[in-house]
Amino acid sequence: MSEATRYVLLYDLGENYPAAREHFPAHRARYQEFMRRGVLLSLGPFTGSEGAMAIFTSREAAEEFAGDDPFVLNSVVGKWHIREWREATASHWHDLAPELHPEPYVFAVVPEVPGGIAPFAVIREDEGLTVVLLRADADRAGLRYDYVAARISLRLASDLAAVGLTAAVSRVLASAGISCNVIAGAAHDHFLTDWDRREQALALLASL
């Protein structure tokens with residue numbers, strides 16, 4: 001069992017709660033900004049109109065968020081406070097040491113691996129051959145692709161028989177709405193995530 005310290009921001013409803021719909025677009029823009037930064041992991045209302053909560057990686061981030069949240073500024077939220085929470089997980093990994101590679105990667109379907117190209121990965125399926133390679137190499141070879149990914153490698157040595165590491169990584173990225181495609185090697189695990197949100201994904205994995 002391992003633990004990670006999180007900070008839970010708790011909101012009580014304010015006197016201007018009926019105006020929540022009016023101020024929601026600005027509130028949403030603020031929480032999306034904090035999610036992009038990788039400091040806001042999850043948030044949402046309680047059932048029964050009894051307030052809301054949000055989970056942050058640091059107390060400073062939670063205080064910063066609440067300080068200028070349009071819901072707070074416009075009395076949609078009344079009182080708020082922060083509680084420290086120790087999130088217990090079944091994982092036994094410490095310091096995953098995620099490393100973000102500087103260049104973007106893409107997935108391309110090909111009849112065979114093009115000459116002069118050294119793909120990062122080759123996946124053979126009944127439907128065809130997929131290569132995962134640098135976008136620059138795909139462009140030089142004239143290959144078609146859609147999804148552009150950042151490659152984050154865990155420098156923690158892989159154990160192919162280990163249980164839960166992929167699930168733990170996928171969970172924290174999914175909670176922030178970040179796509180995740182996993183390729184496991186004998187030495188390390190590699191996660192291909194949304195290129196535009198690579199810094200946030202890296203920060204989230206570093207927080208595990």
Can you name every one of the helices (runs of 4 or more DSSP H) wholly within region 120-208 that holds 1 or more residues which are in contact with a helix residue (DSSP H, G or I) (Cβ under 8 Å, 6 or more places away or on another chain)?
165-175, 198-206
Among the charged types (D, E, K, R) and in contact (Cβ under 8 Å) with a residue 24 or more places away in the chain: which single residue out of Arg21, Arg83 fits that description?
Arg83
Mind checking which residues of region 17-55 are among the hydrophobic types (A, V, I, L, M, F, W, C) and part of a loop (DSSP other than H, G, I, E, B)?
Val39, Phe46
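Can you find a residue in region 74-87 that is within 30 Å of Leu165 (Cα to Cα), part of a strand (DSSP E or B) and small (Gly, Ala, Ser)?
Within region 74-87, none of the residues are within 30 Å of Leu165 (Cα to Cα), part of a strand (DSSP E or B) and small (Gly, Ala, Ser).
Residues checked against (1) at pLDDT 85 or above; (2) more than 28 Å from Tyr31 (Cα to Cα); (3) assigned by TED's automatic domain parsing to the domain that holds Arg36:
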residue: Leu134; (1), (2), (3): yes, yes, no
residue: Asp137; (1), (2), (3): yes, yes, no
residue: Ala150; (1), (2), (3): yes, no, no
residue: Ala157; (1), (2), (3): no, yes, no
residue: Ala161; (1), (2), (3): no, yes, no
residue: Asn181; (1), (2), (3): yes, no, no
residue: His188; (1), (2), (3): yes, yes, no
residue: Ala201; (1), (2), (3): yes, no, no
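The values are calculated or read from the model by the stated rules, or taken from the named source; none is laboratory data. Just so it is clear, the model here is predicted, and its values are computed rather than measured. Ideal geometry is used to build each Cβ from the backbone, glycine not excepted, and the neighbour counts take in all protein chains shown.
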